[in-house]
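Comments concern the structure below.
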Amino acid sequence: MPAKWDIVLKGVAASSGISIGKVFSLEDDDFCVIRREILRSARETEKKRLARAVEKTRTEFKIVYAKIDEVLGKNYARIADAYLLILDDPTMKKEVYELIDSGVNAEYAVFKVIDKIARSFEFIENDYIRERKVDIQDIGRKIIENLLGKHRKTLANLEEDSIVVSHNLTPADTMTIREKLVKGFATDIGGKTSHTAIIAQGLSIPAVVGLKVVSSQTKSGDIIIIDGNKGEVILSPTPETMVKYKREYALQFAKRRELEKLKNLSSETTDNHKVLIFANIDNSDEIESILSNGAMGIGLYRTEFIYFNRGETMPTEKDHFENYSKVAKIMSPYPTVIRTFDLGGDKLTKMGLLNVEQEKNPSLGLRAIRLSLKYPEIFIDQLRGVLRASAYGEIRLMYPMISGIEELYEANKVLNKVKQDLKKEHMEFDEKMKIGVMIEVPSAATIIDVIAKEVDFVSIGTNDLIQYTLAVDRVNENVAGLYDPLHPAILRFIKKIIDESHKVGITVSMCGEMAGNPYYAPVLLGFGLDQFSVSSAQILEIKKVIRGISFEDAKKISEEILKCGSRDSILEIINTIHVK
Ligand code: PEP
Ligand code: MG
């Protein structure tokens, strides 16, 4: 019988797109852990049984590592690497052994210790680290499975197109993934930085996570809809909803096909004004996707990823060099803008990498270039890696969060010293490597005339520029309504940055999210922006807008917009823009 009403579960939109299909549930066969008394004489045997199960788990995770490496690349494989580190944790081992010594079976001891560790994660403020709780639980589950000789279903059991539903999707699950058959993911737990989200985005598969009850409310064979744009999953959809989503799916597909036709066309306006469309990437595995969407370069390589998922060790100069030289080679002859790390002191402290006091306002604290200058040894390793990689393709260097000219001078001083050292060591690098800064702090935007004279390019980081100019925390949902790229103050800043930079002959890029929104593109174009740096999925959408409007019209619109003092009057003008 057709459903009379939809059951809609709301979660976190982890990977965009729509998918309609049959559920493949990984939770159909669960197991429980029973407490058994172990005689004193049998405790050593119990420990040996545990050691064998741990070894088996280790071998399995090594296979996971190799498999993820093969499908998604090294950076993703590090997720599995972190598992191996947890598996070797001496405190965990000691506590499990103590419980066995107190007279309980190994399965129960592992369960108790893992549960205790997992609970302690709940109080951690940092989302990324808190979510690692599920990794700990997954490790426990794997060891227990190996102790019981019982395994739950895996993605290798997939035989037809399916939407994978699970309490949590772990790296161990992805080991057996058959990508072509997976059309969507829905999980009970996880946030934007959970593994499911990272993996789903990497594979461009729609996903919604953090749905709390999806695994208990569905079974294999059910037909569900994943709306990865809204972060919703519709269980037992009504025929009307089905029709609506099928139409949306068809539109999404057709739109993508249309956009793909633009891939090899130039990004120029109808009156032949050319701009460049570059891509933002978070890790090198995204390069294939940005090139297939026609990116002419990387306008922002956020290098923070290199610092994550590696336990308590900092990346070495070699790690940096290997990563950036690989990117430079693949991207050549297109340029790559490498942004030096924009980490907050709090992140590194929580990862056990720095001993900095917890800050009350991390976004106003020891972050990005401030951290680099305070801990030059970390900065130098990265600069050496970047410079050495510059011998392999066109690399440009960019400093984040510059707030005054002195910071730029200081950073360049460190860079020049690194260059001298490399010369002495007869290491090759590009002596003319271009140096730029992100303009994302209002003080830097205000003195752009001073900064522009000292750099080869600037890139406007609207994500932070809006946050700091409007005093609106960019991750606080309570003030999300005030976070406004069209605030006259923001638009005037952007125009000023572009005009002052052009006066001294340097190019201006924008790498904040604002650059990837097709609605704003005509305005930015009219302001004279030279380069849009956007995420892979937005490249062709922005190109479509650029190709559908004349530069002359865009300039006229932008001039009108600059005269406006309110958002409403700006919106009124934008809504009249016609793009072919
Ligand atoms: C920005 O602030 O606009 C930017 C691109 O940097 P991030 O989002 O990494 O802070
Ligand atoms: Mg920023």
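What follows draws every value from the coordinates through simple rules; no lab data is involved. Predicted, not measured: the structure shown is a model, and the values here were computed from it. Neighbour counts are summed over all protein chains in view; Cβ atoms, including those assigned to glycine, are modelled from backbone coordinates with ideal geometry.
List of remarks:
- Averaged over residues, the count of other Cβ atoms within 10 Å places the peptides 440-447, 42-49 in the sequence 440-447, 42-49, highest first.
- Computed from the C-beta positions of N157 and S292, the FRET efficiency with R₀ = 30 Å rounds to 0.45.
- Average Cα contact separation per residue, the chain, under 8 Å, 6 or more apart, as relative contact order %: 14 percent
- Cα gyration tensor category, rounded, prolate or oblate, for the stretch 437-580 with a/c compared to 1.5: rounded
- Sites R247 and S363, calculated FRET efficiency, Cβ-Cβ separation with R0 25 Å, nearest 0.05: 0.05
- Placing +1 on the Cβ of every Lys and Arg and -1 on the Cβ of every Asp and Glu, with no other charges, gives the stretch 437-580 a dipole of roughly 380 debye about its Cα centre.
- Added length on full extension, which subtracts the Cα-Cα distance from 0.36 nm per residue, D222 to K263: 11.0 nm
- Modelled spin labels at L84 and H502, positioned 7 Å past Cα toward Cβ, are 5.4 nm from each other.
- In range of the label at K432: residues from the stretch 321-341 whose backbone nitrogen is under 17 Å from the point 7 Å along Cα→Cβ: 333-336
- Nitroxide proxy distance, nm - points 7 Å out along Cα→Cβ at L562 and E304: 3.3 nm
- Under 12 Å, Cβ to Cβ, from I497 - net charge with Lys/Arg +1 and Asp/Glu -1: -1
- Global form of the stretch 417-520, assessed from the alpha-carbon gyration tensor, a/c cut-off 1.5: prolate
- For the chain, the antiparallel share of DSSP beta bridges with both residues in that region comes to about 35%.
- Listing R302, R396 from fewest to most neighbouring C-beta atoms within 10 Å gives R302, R396.
- Within straight-line cross-link reach of K563, lysines at Cα separation under 19 Å, skipping those fewer than 8 residues along the same chain: K495, K496, K555
- Exposed loop sites here mean chymotrypsin sites (Phe, Trp or Tyr not before Pro) with a DSSP loop assignment and at most 14 other beta-carbon atoms within 10 Å; the chain contains its longest site-free run at 124-580.
- Straightening the chain between T446 and L39 buys 139.0 nm, computed as 0.36 nm per residue apart minus the Cα-Cα spacing.
- Remark on the stretch 297-433: Rg and Dmax equal 14.7, 45 Å (Cα only).
- Total formal charge among the other residues, if their Cβ is under 14 angstrom from that of E377, Lys/Arg +1 and Asp/Glu -1: 0
- The length gained on full extension between K318 and Y519, counted as 0.36 nm times the residue separation minus their Cα-Cα distance, comes to 68.2 nm.
- Taking every alpha-carbon pair within the chain, the share separated by more than 35 Å comes to 45 percent.
- Cross-link check: pairs K142/K180; K263/K329; K22/K112 evaluated at a Cα-Cα cut-off of 29 Å; pairs beyond the cut-off: K22/K112.
- Backbone N under 15 Å from the H578 label point (7 Å along Cα→Cβ), restricted to the stretch 517-550: 548-550
- Local electrostatic count, P518, Cβ distance below 11 Å [Lys/Arg +1, Asp/Glu -1]: +1
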